[in-house]
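Report on the following structure.
Every number here is computed from the coordinates shown, using simple stated rules; none is lab data. Treat the numbers as computed from the prediction; the structure is a model and nothing was measured. Heads up, the Cβs are rebuilt from the backbone with ideal geometry, glycines too, and the neighbour counts pull from every protein chain shown.
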Amino acid sequence: MTKYKMHLLVCGGTGCRASASDSIVENLKKELENKGLQDEVQVIMTGCFGFCEKGPIVKVSPDNTFYVQVKPEDTAEIIEEHIIKGRQVGRLLYKDPEKKETVADSKHMEFYKKQIRIALRNCGFIDPENLDEYIARDGYAALGKCLTEMKPQDVIKEIIDSGLRGRGGGGFPTGLKWDIASKNHADQKYVVCNADEGDPGAFMDRSILEGDPHAVLEAMAICGYSIGATKGLIYIRAEYPLAIKRLKIAIDQAREYGLLGKNIFGTDFEFDVELRYGAGAFVCGEETSLIHSMEGLRGEPTIKPPFPAEKGYLGKPTNVNNVETYANIPVIINKGANWFNKIGTEKSKGTKVFALAGKINNVGLIEVPMGTTLREVIFEIGGGIKDGKKFKAVQTGGPSGGCLTEKHLDTPIDFDNLIAAGSMMGSGGMIVMDEDDCMVSVAKFYLDFTVEESCGKCSPCRIGNRRLYELLEQITKGKATMEDLSRLRNMCNVIKDTSLCGLGQTSPNPILSTMDNFWDEYVAHVIDHKCPAGQCKDLMKYEIIPENCVGCTACARVCPVGAITGEKKQTHYIDPSICIKCGACIERCKFDAIIVK
Amino acid sequence: MTKIKTLADLKKMKEELQAKVDLREKGDSPESYVQIKVGMATSGIASGAKEVMDFLIEALEKRNIEAVVTQTGDMGYCFAEPTIEVKKPGEEPIVFGYVDVKKADEIIEKYIKLGELVDGIIPVNYQIIDEKK
């Protein structure tokens, strides 16, 4: 085997690939060959590093230099300067926006300092398309240990003792779920991985599957062994082509090595995994809908009980867990429940992966211990709010969750605290909002999503959410009354109480939590016909400040609807009944004479 | 492709494959290993720094010393090239000058293994910018 002196790790997550990380890999390899260094330096395409804000990322090992926002044309300089002459390319290093210092090494970046990576342990570290690298990182050792040294019941006990709870949002104890499935006897059982990640702004499951697909396969086999199932199914949305490609490669490799198939590790245990594709329906993240969709039926939920653990896929006992939950399993088996349950808070053990999005400086993927505060996540790891604006709220739990405000910033994040604060963990999407965001519009955005995604089976969700959306629209147009607000709240509660599945039972949450936390903003829309954040177009008013207007006529000439009138060298006037609020006049005015109220 | 039939197979395979990711794992926590930086500027390379680096990587592995060998830019001691900086865990770094393969061998055997100082140490007589406060 050739002995490489250096490794160049290039991020191959969907985000970085969109910014041409493919060509970076190609160029690096070409340059190395030109210099005759291809046997000394290895180029590896890894999974997501998490620091998507500054992608594409190239990391040099072993000196741990972390290059950000690398372009394909920068590769020659990296090879020439760093690889040959040993000098870091200063202009490609990360600059801390607060301290204005350059940080060469990811370990010293605020973004990575507080993170503990369990589920993401191999993301950005190994080549996800190479099983050898996974094995070098203790891959499949946990499965081997379970099959040869532990009884199925011991495995379940270990998972129960670890305190692991479902990472898909519900937070149900994973070990307990396995235990129930193991006790239901049948000629065939199934292990299902829910990779139907649908929250707007969430991409942790995708990143795990793209960066470390074997971790999920190994965990599914462990689950199969403990509940007595021989078949695994991964339900993944067709919008994740890269994750699908890497999963397929991983499944083929595992079969080739004998890690999937018959007589695994020389035992009687057999297990195999297949993929099932979804069309990207949000409701199919709900386990009964997911199972129906896999069966070839419409993706619609059914009432629980019976739970999938009794009657799931094809009527057989089925265990459904989310991608991130599975990614934790091999580590728990290798390091022990007692190692795992020391991380986190009393009732929420381990870590949680969050996808940071919205008005935050460091958009990306992070993994922190349960109990980390929102302040640490947003202001330390996330680097604070973009453009120095003021923090207003953060939406957790996607369309099923709620918003948390300034007063929740020091709340330790775990399953129970988030529910107590009126939101929920959800799958881990965090959308950060600043002072320019209108909270009524935010609620409307989520309702627009749920209206679109409702499967239509039960009327509270199908009709009720539509009505909620219409009421919100009236509010943002300034046409609602105070009675409408109480009707809105009442309807939210009815929909929550009467909907069939989790989608409808949680879809009013964004409205309720914004009403609780930002009541004044709702009132301002209704009573004053004003949008305090200046986002609702219908409530905006364009006006000319007479003192600044010199009567140059530029605005009148650019107005597409002829709403501006005025003589040359005289103050102009905007007719609000004609104005369409397109903003063309503001762009044209050289004297700052036009304002939006 | 050989199939993995037992847990022992897997463990043996892991041992063999460890080298694939060793560099990255050590790079993630260099402070727990012997860190050696080889000055690889034009003057260093001209005086044989590349051979010294290759020798160090090979020799350390053969002698089972866990170390991270990286290259760095010009250290400024052009009169004494090749220069290397050796930092043992928890100790101050020491710079050695005029390091050829023979000297490198001596540094491994005496300084890294036994902690004995050898000839050729360049006294540190500079401040780095972080220390100037």
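Once you put a point 7 Å from the Cα of residue A:73 and another 7 Å from the Cα of residue B:29, both along the Cβ direction, what distance in nm separates them?
It works out to 4.2 nm between the two label points.
More than 20 angstrom separation, counting every C-alpha pair in the stretch A:10-77; what % is that?
That tail contains 21 percent of the Cα-Cα pairs.
Evaluate 2.2 N^0.38 Å with N set to the residue count of the stretch A:448-597, then give the Cα radius of gyration divided by it.
The value comes to 1.40.
Tell me, how many Å apart are the Cα centres for the stretch A:549-589 and for the stretch B:1-62?
70 Å
In deg cm²/dmol and to the nearest 500, what is the mean residue ellipticity at 222 nm of chain B if only DSSP H runs of at least 4 residues count, each as -39500 (n - 2.57), divided by the residue total?
-11000 deg cm²/dmol
Which of A:414, A:22, A:187, A:39 has the fewest other C-beta atoms within 10 Å, and how do the rest follow up to the most?
With the sparsest Cβ surroundings first, the list reads A:187, A:39, A:22, A:414.
Note down the magnitude of the dipole of chain B about its Cα centre, charges +1 on Lys and Arg C-beta and -1 on Asp and Glu C-beta and zero elsewhere, to the nearest 20 debye.
Dipole size: approximately 580 debye.
So what's the angle, to the nearest 10 degrees on a 0 to 90 scale, between helix B:49-62 and the longest Cα principal axis of chain B?
Relative to chain B, helix B:49-62 is tipped by roughly 40 degrees.
What is the log10 of I(q)/I(0) for the stretch A:405-468, computed with the Debye formula using one identical point scatterer on each Cα and no solvent, at q = 0.12, 0.15, 0.17, 0.26 Å⁻¹?
Results for the stretch A:405-468 at q = 0.12, 0.15, 0.17, 0.26 Å⁻¹ read -0.44, -0.66, -0.81, -1.12.
How large, in Å, is the stretch A:221-280 by the Kirkwood hydrodynamic radius built from its alpha-carbon pairs?
Evaluated on the stretch A:221-280, it is 12.3 Å.
Want the number for residue A:34 to residue A:101: 0.36 nm per residue separation, take away the alpha-carbon distance, what's left?
20.7 nm
Based solely on its DSSP helices, what 222 nm [θ] is calculated for chain A when runs of n ≥ 4 H residues each add -39,500 (n - 2.57) and the sum is averaged over all residues, nearest 500 deg cm²/dmol?
Rounded to the nearest 500, it is -10000 deg cm²/dmol.
From the phi angles alone, apply the Karplus equation (6.51, -1.76, 1.60; θ = phi - 60°) to the stretch A:441-448 and give each ³J(HN,Hα) in whole Hz, x where the residue is Gly or Pro.
Using θ = phi - 60°, the values come out as 5, 4, 4, 5, 4, 5, 5, 4 Hz.
D for the stretch A:193-322, whole µm²/s, Stokes-Einstein with Kirkwood Rh over alpha-carbon pairs at 25 °C and 0.890 mPa s: what number?
163 µm²/s
Relative to a virtual label point 7 Å from the Cα of residue A:339 in the Cα→beta-carbon direction, which members of the stretch A:206-246 show backbone nitrogen distances below 18 Å?
Residues passing the 18 Å test: A:215-216, A:218-219, A:222.
Take every residue in peptide B:65-75, count the Cβ atoms of other chains within 10 Å of its Cβ, and give the average of those counts.
4
Given N residues in the stretch A:299-345, what is its alpha carbon radius of gyration divided by 2.2 N^0.38 Å?
1.60
Given charges of +1 on the Cβ of Lys and Arg and -1 on the Cβ of Asp and Glu, with all other atoms neutral, how large is the dipole of chain A about its Cα centre, in debye to the nearest 20?
580 debye
Using the alpha carbons of chain B, what is the convex hull volume per residue in cubic angstrom, as a whole number?
147 Å³
Which of the pairs A:5/B:14; A:347/A:444; A:177/A:342 have their Cα atoms more than 27 Å apart in this structure?
Cα-Cα > 27 Å for A:347/A:444; rest within.
Report ³J(HN,Hα) in whole Hz for each residue of the stretch A:48-53, in order, from the Karplus equation J = 6.51 cos²θ - 1.76 cosθ + 1.60 where θ = phi - 60°; Gly and Pro get x.
5, 7, x, 8, 4, 3
Using only the alpha-carbon atoms, how far is helix A:323-335 inclined from the longest principal axis of chain A? Give it as 0 to 90 degrees, nearest 10.
40 degrees
What would the Debye formula give as log10 I(q)/I(0) at q = 0.05, 0.07, 0.09, 0.12 Å⁻¹ for the alpha-carbon point model of the protein assembly as shown, no solvent?
For the requested q values the scattering log ratios are -0.32, -0.60, -0.91, -1.31.
How far apart, in nm, are two points set 7 Å out from the Cα along the Cα-to-Cβ line at residue B:113 and at residue A:390?
Spacing of the two 7 Å Cα→Cβ label points: 6.8 nm.
Does the stretch A:100-162 come out rounded, prolate or oblate by the C-alpha gyration tensor, with a ≥ b ≥ c the root eigenvalues, rounded set by a/c under 1.5 and, if not, prolate when a/b is larger than b/c and oblate if not?
Taking the square roots of the gyration eigenvalues as a ≥ b ≥ c, the stretch A:100-162 is oblate.
Could you please rank A:292, A:108, A:525, placing first whichever residue has the fewest other Cβ atoms within 10 Å of its Cβ?
Listing A:292, A:108, A:525 from fewest to most nearby Cβ atoms yields A:108, A:292, A:525.
Using the Kirkwood radius over Cα pairs, work out the Stokes-Einstein diffusion coefficient for the stretch A:509-597 at 37 °C and 0.692 mPa s, in µm²/s as a whole number.
227 µm²/s
Residues with amide H under 5 Å of residue A:45's amide H, sequence separation 5 or more or different chain, H placed in the peptide plane at 1.01 Å from N; which?
Residues meeting the amide H criterion: A:10.
Averaged over its residues, how many other protein chain Cβ atoms are within 10 Å of peptide A:84-94's Cβ atoms?
Average per residue, whole number: 3.
With θ set to phi - 60° and the Karplus curve 6.51 cos²θ - 1.76 cosθ + 1.60, what are the ³J(HN,Hα) couplings of the stretch A:270-281 in order, to the nearest whole Hz, using x for Gly and Pro?
For the stretch A:270-281, the Karplus curve yields 10, 7, 9, 10, 10, 9, 10, 9, x, 9, x, 9 Hz.
Skipping prolines and chain starts, which residues have an amide H placed within reach, meaning under 5 Å, of the one on residue A:413, given they are 5 or more residues away or on another chain?
Amide H neighbours of residue A:413, under 5 Å, 5+ apart: A:371, A:372, A:373, A:374.
Quickly work out the residue B:92-to-residue B:66 label distance, labels modelled 7 Å from Cα along the C-beta direction, and quote it in nm with one decimal.
That separation, rounded to one decimal, is 2.6 nm.
How tilted is helix A:152-162 with respect to the longest principal axis of chain A? Cα atoms for both, answer in degrees (0 to 90, nearest 10).
40 degrees
Taking 37 °C and 0.692 mPa s as the conditions, I'd like the Stokes-Einstein D for the stretch A:1-137 in µm²/s, using the Kirkwood hydrodynamic radius from alpha carbon pairs.
The Stokes-Einstein estimate is 216 µm²/s.
Could you tell me the calculated FRET efficiency between residue A:498 and residue A:409, based on Cβ-Cβ distance and R0 = 30 angstrom, to the nearest 0.05?
Computed FRET efficiency for residue A:498 and residue A:409: 0.30.
Please list the non-local residues whose amide H lies under 5 Å from the amide H of residue A:261, H modeled 1.01 Å from N, same-chain partners needing a gap of 5 or more.
Excluding prolines and chain starts, which carry no amide H, the hits are A:271, A:272.
Answer with one residue from A:480, A:402, A:233: the one whose Cα lies farthest towards the positive end of the charge dipole of chain A, charges on Cβ with Lys, Arg +1 and Asp, Glu -1.
The one lying farthest along the dipole's positive direction is A:480.
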